[in-house]
2 protein chains.
Amino acid sequence: MNGADHLCDVLLAHGVDVCFANPGTSEMHFVAALDRRPQMRCILGLSEGVVTGAADGYGRMAGKPAATLLHTGPGLANGLANLHNARRARTPIVNVVGDHAAYHLHFDAPLTSDIESFARPVSHWLRRASGPDDVGPTARAACEAAVALPGVATVILPADAAWSAASTPPVEPHPPLGPVAADPGAIRAVAEAVRRAPGRVGMLLGGRAGHGEALAAAGRIARRHGIRLFGEVLIGRMERGRGHPPVTRIPYPIDLALAALADLDVLVLVDAPPPVAFFAYPGKPSRLTPGTCALLTLARPGEDAASALQGLADILGTGPAAGDGPAPAEAGTPGGALSEDAVAVILAQAMPEQAVICDEALTSARRFYALTQGAAPHDYLMNTGGAIGIGIPLACGAAVACPGRKTIALQADGSGLYTLQGLWTQAREALDVVTIVFANRAYAILQGEMRAVGVTRFGRNAERMLTLDEPALDWVALARGFGVEAARASTCEAFRDVLGAALKRPGPFLIEAVL
Amino acid sequence: MNGADHLCDVLLAHGVDVCFANPGTSEMHFVAALDRRPQMRCILGLSEGVVTGAADGYGRMAGKPAATLLHTGPGLANGLANLHNARRARTPIVNVVGDHAAYHLHFDAPLTSDIESFARPVSHWLRRASGPDDVGPTARAACEAAVALPGVATVILPADAAWSAASTPPVEPHPPLGPVAADPGAIRAVAEAVRRAPGRVGMLLGGRAGHGEALAAAGRIARRHGIRLFGEVLIGRMERGRGHPPVTRIPYPIDLALAALADLDVLVLVDAPPPVAFFAYPGKPSRLTPGTCALLTLARPGEDAASALQGLADILGTGPAAGDGPAPAEAGTPGGALSEDAVAVILAQAMPEQAVICDEALTSARRFYALTQGAAPHDYLMNTGGAIGIGIPLACGAAVACPGRKTIALQADGSGLYTLQGLWTQAREALDVVTIVFANRAYAILQGEMRAVGVTRFGRNAERMLTLDEPALDWVALARGFGVEAARASTCEAFRDVLGAALKRPGPFLIEAVL
């Protein structure tokens, strides 16, 4: 048993049985150890952004961590942007980064880098295994930290710690820590505030408060007491559609966000930080709630949001579950040239029960969220950290976590180009993912931001940095190059047909929605 | 004049007139300022690995920095791997990273991250502009540092420093610093050592010693005194072919590297660190030179290698320039099924004068280096830091720096998949790049490393992590998806034909060499 064997066994003993990987030479002994354990499912990503984004999608939907396998500092570096997103989603991940043998580091070989410096900003927890006997304990602590926080626990695995024989017996797994109970005093304070400000209380549901029993309890309390439910600007995971309470997403544009929260006296935070502006803008506030609005925390990240909400319900009493929103069919039957809104309407009408929606459509799917309150029940996941390029990988990981459900990626074209390599993983693993690319051939969100800073006529440099035409990307060719079947639609009728066919067949499919 | 205007003007005043970019909201005022200066050439990359890799290729060939434009921590993160390579190549780059407005940082908005922690491991120099009046001085110091080191100078540009009016006059550029003179004592010591150990002296030429007058001087000294010339395991830039002295590249495989340097008494380092093993292997040394070999530094990075070599020549005397190596035609005319070696032979025979070769073929182009000693004169660039995924971006940057020359990328398929988005930049900018993809459909280098650790039969997990088949990548479809014309060749005859045609036409072309 070398260190790498210990690592694999500890992962498996903690229920971590999926490893998203892109290995290199310093991880060969880890690869060999994984190869001796076929009960671990190893999934290759063609670049590390795919690896870490998939681990995020898996962790959000499975409710337990996947492992990653990244190659030294540069391999980690390529995966940092999606780890940044995972950190913001507070997704449990055991992030394993190989490094040179300890004694080789001071030679400063070409691949040597300061892995801790790269890793720290995205890690809730970080530890370097000091030798083969420390690999098991480090792995166990990482598994426990990833689940308890929850968050990104990074293990740095030196090659000699992996390849050397360990003298210790295999580490006995402890049962993983669950969330700790929220402060009863905080629950009472929230109850008191709700009673004092009827009709002027909002509740922001983040993290684990967006689904399952926590969401249901929040819905019943809200219905009884006239509390408005909000989701974060960027939602990690929310159960939505028929049977789920209506939750208003705080809008991304700063003026709309300020307006949405303008008349609150109290905002109750449930597994969510105080809402702030995504960017600063000259002359606009950074905090989204009015200065007169009290912020009260019911449950912090890592605390048990569901039981805190149940405790609140016990004090305040609850109403019935919310009625369903309007069925998407009421939005009519779009026809003619395809538009962003038409895609949203047609998809809301066509999507199957229990779909997993991975939304990185940015400017393009704005109407989808509102339309789907009365649609088929589904899970809804967004890019949580603003690091673009998570949509396709996120869908990979969600589909691995949820066999038997259809995963649907709503993908802006500019963002999708960051990590389109994930399409190959969908093909290789035969994942049930339908990707809809909103091909507007521009960084449309940035064109809006340029206009917001007062530039209405773009010169050549701005034009060249904010558009994706000349040449236009051919997403059908790109998808096929990665082994994913694909079709293009530029009318509502064609889109409806190809979407229906894609949803009926198993395996991945990509639709280029030409706008 | 706001801070962003100052930044642009200082860059232009220092001759930095190419900006590789992928902007975001926090850089909109910088984009607007660039838009007011059409003399700056802004080139969009579809992901930041393309941006930074292109800046590396540009800097190596232009001998002066390009600027980058990256969006906050995650945008920088995506570009770190190729900045790591640039750091190892000691390429001058002014690396500009936007950030939130200073007053917005403590709200910890979703995109907030510790940019300094990400940037420090890849930066030779790093500074955050403290406000609009500090942007100009920071930019000037960055331009000077990038050139003088040379290396990666990172400027962090808060959005409010960019958008606020600066009260200072435009900064007057100082003439950029050139390399400083090497230590005369070091030159005398090297001369002495060469005289004492005739026939047992090697000279390792890195950085700026691999081309121009430095290389020519090294060649004449070597010819007279029987000195063996070596290039680093990973070569940043070397002039090669007819008329240039023969330089042995230190082999990548550890045993071959040890053998190549085994009988040296002295190794003279010219703008190069001591040669070390790329990875540690159980039971093998980390330092590649024997314990009995003295390491003498003639010129450090940042010192003037050319004048140091001229000083050495003045002491020791020189011989004639080296004779040319065998013409590639002597390697015969390969036929039948295409092989890695056949690609190397055919390319060595076909490549035009003054081609720029960007070699990230890893295991696939081993024979190319040896074959091209007597080929048409060319520049030869490699992945210098071992962070894969630089080949396609490096070719972009080299082609921007060298209009009128043909850039040829030798690209391993696994590495090429990291940053294939760079093909679109080639199409958009009509860059004269021929990319040859060695499609062996595997991480062949890692399969070799697995065998080296004693695993001869791969199980399912190893197989799934070390191969790129199921499904095979279709590089012709991928290239066309990005707007680059492409063709596939699986015989020597077909490859010769398509290569000949590709070299004759302007603009980008990709050849999938099926092996």
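The values are calculated or read from the model by the stated rules, or taken from the named source; none is laboratory data. Since we're looking at a predicted model, the values are computed, not measured. Cβ: placed from backbone, ideal geometry, glycine included. Neighbour counts: every protein chain shown. All accessible areas refer to the heavy atoms of the entire protein, side chains included, with ligands and DNA or RNA removed. Shrake-Rupley method; radii C 1.70, N 1.55, O 1.52, S 1.80 Å.
Points to keep in mind about this one:
- Among (1) under 19 Å from B:Leu83 (Cβ atoms); (2) away from chain A (no Cβ under 14 Å); (3) not in a strand (DSSP E or B), the one test that B:Ala365 misses: (1)
- Residues of the range A:174-185 include none that is free of Cβ contacts under 8 Å to residues at least 60 places away in the same chain and closer than 15 Å to A:Leu69 by Cα.
- Here the range B:407-422 is the region considered, the condition is being within 10 Å of another protein chain (Cβ to nearest Cβ) and aliphatic (A, V, I, L, M), and the residue that is farthest from B:Gly507 (Cα to Cα) is B:Leu417.
Results for (1) within 14 Å of another protein chain (Cβ to nearest Cβ); (2) closer than 30 Å to A:Val453 by Cβ, shown as yes or no for each residue.
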residue	(1), (2)
A:Ala277	yes, yes
A:Tyr281	yes, yes
A:Asp304	no, no
A:Ala308	no, no
A:Thr318	no, no
A:Pro326	no, no
A:Ala331	no, no
A:Ser339	no, yes
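- Tally, over the range A:237-258, of residues that are in a helix (DSSP H, G or I) and crowded, with 17+ Cβ neighbours inside 10 Å: 3
- Any chance A:Pro74 is open to solvent by 20 Å² or more (accessible area, probe 1.4 Å), touching a helix residue (DSSP H, G or I) at 6+ places or on another chain (Cβ under 9 Å) and either of a type outside the set (A, V, I, L, M) or under 21 Å from A:His14 (Cα atoms) (or both): no
- Going through (1) within 30 Å of A:Phe30 (Cβ to Cβ); (2) more than 8 Å from chain A (Cβ to nearest Cβ); (3) of a type in the set (Val, Ile, Thr) one by one, B:Val453 falls short only on (2).
- Residue check for B:Pro377: of a type outside the set (S, T, N, Q) and under 30 Å from B:Ile187 (Cβ atoms): yes
- Scanning the range B:324-362 for residues that are closer than 13 Å to B:Phe495 by Cα, in a helix (DSSP H, G or I) and either open to solvent by 20 Å² or more (accessible area, probe 1.4 Å) or not assigned by TED's automatic domain parsing to the domain that holds B:Asp497 (or both) yields a total of 4.
- Residue match in the range A:145-160 (condition: assigned to a loop (DSSP other than H, G, I, E, B) and over 28 Å from the mean Cα position of the chain (by Cα)): no
- Criterion (in contact with a Ser or Thr (Cβ under 6 Å, 6 or more places away or on another chain) and in a loop (DSSP other than H, G, I, E, B)) met by exactly one of A:Leu264, A:Leu269, A:Leu234: A:Leu234
- Of the listed requirements (1) in contact with a Phe, Trp or Tyr (Cβ under 6 Å, 6 or more places away or on another chain); (2) open to solvent by 20 Å² or more (accessible area, probe 1.4 Å); (3) in contact (Cβ under 8 Å) with a residue 60 or more places away in the chain, B:Glu485 misses just one: (3).
- Within the range B:184-213, restricting attention to residues that are part of a loop (DSSP other than H, G, I, E, B) and at pLDDT 95 or above, the residue that is surrounded by the most Cβ atoms within 10 Å (Cβ to Cβ) is B:Gly206.
- Subset of the range B:166-180 [open to solvent by 80 Å² or more (accessible area, probe 1.4 Å), at pLDDT 85 or above and among the hydrophobic types (A, V, I, L, M, F, W, C)]: B:Val180
- You will find that of A:Thr112, A:Thr91, the residue that is among the polar types (S, T, N, Q) and within 22 Å of A:Val18 (Cα to Cα) is A:Thr91 and no other.
- Being closer than 20 Å to B:Asn82 by Cβ and among the charged types (D, E, K, R) holds for only one residue in B:Arg120, B:Arg128, and it is B:Arg120.
- Restricting A:Ala395, A:Ala412, A:Ala401 to residues that are under 14 Å from A:Ala513 (Cβ atoms) and in contact with a helix residue (DSSP H, G or I) (Cβ under 7 Å, 6 or more places away or on another chain) narrows the list to A:Ala412.
- Summed over the range B:19-40, the residues that are among the acidic types (Asp, Glu) and surrounded by 24 or more Cβ atoms within 10 Å (Cβ to Cβ) give a count of 1.
- Among the residues here, B:Arg428 does not qualify as in contact (Cβ under 8 Å) with a residue 24 or more places away in the chain, of a type in the set (Lys, Arg) and more than 10 Å from every other protein chain (Cβ to nearest Cβ).
- Looking across B:Ala272, B:Ala305, B:Ala299, B:Ala321, one residue alone is surrounded by fewer than 20 Cβ atoms within 10 Å (Cβ to Cβ) and either assigned by TED's automatic domain parsing to the domain that holds B:Arg240 or small (Gly, Ala, Ser) (or both). It is B:Ala321.
- One residue stands out in the range A:105-154 among those that are within 7 Å of chain B (Cβ to nearest Cβ) and touching a helix residue (DSSP H, G or I) at 6+ places or on another chain (Cβ under 8 Å): the one that is most open to solvent (accessible area, probe 1.4 Å), namely A:Arg120.
- Test: residue in the range A:449-460 that is buried (at least 20 other Cβ atoms within 10 Å of the Cβ), modelled with pLDDT of 95 or more, assigned by TED's automatic domain parsing to the domain that holds A:Gly397 and over 27 Å from A:Pro403 (Cβ atoms): no
- Some residue of the range B:492-499 being aliphatic (A, V, I, L, M) and either modelled with pLDDT under 95 or open to solvent by 10 Å² or more (accessible area, probe 1.4 Å) (or both): yes
- Condition broken by B:Ile43, with the remaining ones in (1) touching a helix residue (DSSP H, G or I) at 6+ places or on another chain (Cβ under 6 Å); (2) within 9 Å of chain A (Cβ to nearest Cβ); (3) open to solvent by less than 10 Å² (accessible area, probe 1.4 Å) satisfied: (1)
- A:Pro74 satisfies every condition listed in (1) free of Cβ contacts under 8 Å to residues at least 24 places away in the same chain; (2) within 8 Å of chain B (Cβ to nearest Cβ) except (1).
- The residue that is nearest to B:Pro393 (Cα to Cα), among those in the range B:2-17 that are open to solvent by 10 Å² or more (accessible area, probe 1.4 Å) and out of contact with any Pro (no Cβ under 7 Å at 6 or more places or on another chain), is B:Asp17.
- Note on the range B:366-382: residues that are in contact with a helix residue (DSSP H, G or I) (Cβ under 6 Å, 6 or more places away or on another chain) and either open to solvent by 10 Å² or more (accessible area, probe 1.4 Å) or charged (D, E, K, R) (or both) amount to 2.
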